[in-house]
Every structure is written in C-alpha cells, then in structure tokens.
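Worksheet for the structure shown next.
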Amino acid sequence: MIKMTWALVAEHMNEWIGDDIAQGAAVFEARVGSVIDASGMRPETTEHRRTDFLAPVVDSLRTEGTAALARGESWSKAAGRFLACASAVN
C-alpha cells in the first residue's frame, strides 16, 4: 500500500492511498490539474504551472518515485509551489 500526500503552498493539500503508483501519479496529476484550472489564472499562467512545475513532479514520481518505493524508500519532490511525497504504508 502506498500513501501519497501533496500540497500547493497556501492553496491546497490532499492525499491518496492505493496499491499502484501509476494510478497515484494519475490521481495526483488530475487533482492538482483541476485546482490549477479552477484558479482563475490567465491561460498562459495555467499552462506555465502545468508544464514547468506539475509535469516535472509527476515525471519524477513515475520514474524516481517508482524506483524508490520498489527499494522500500520514500520519495519526495518539490517544484515551484508544489510539494509531493510518497511512502509505503502497512
């Protein structure tokens, strides 16, 4: 079982618990993406947050996070105002 938590500083915090890190990454990307989309920012700012901050965290989760969890380690990554972490739970 994997627990992921994430925060958008001063805006949003959430968590997900499940068995599949790929599913966790998809949930994280969708939930944070919906917060970004609902923020009322200009479209170019929204796109900037998605490509420069959200995407690198999601990519790291799918690669480095998957490897760390497979070794029994935790994972965390921050970019801009985003912070995410994942660890195994019993």
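Laboratory data are not the source of any read-out in this text; all were calculated from the coordinates shown. Keep in mind it's a predicted model, so treat the numbers as computed, not measured. With ideal geometry, Cβ positions are generated from the backbone for all residues, glycine too; neighbour counts draw on all protein chains shown.
Angle between the Cα long axis of helix 21-37 and the longest principal axis of the chain, 0 to 90 degrees, nearest 10? Between helix and principal axis, roughly 20 degrees.
Annotation note: GluC sites (Glu not before Pro) in the range 8-90 located in DSSP loop regions with a Cβ neighbour count of at most 14 within 10 Å are E11, E73. The relative contact order of the chain, computed from alpha carbon pairs under 8 Å that lie at least 6 residues apart in sequence, is 36 percent. GNM remark for the chain: springs join alpha carbons under 10 Å apart, and the peak mean-square fluctuation among G33, G24, G65 falls on G33. Each other residue within a Cβ distance under 12 Å of E44 adds +1 if Lys or Arg and -1 if Asp or Glu, for a net charge of +1. Charge dipole of the chain (Cα centre as origin; +1 on each Lys and Arg Cβ, -1 on each Asp and Glu Cβ, all else neutral): 140 debye, rounded to the nearest 20.
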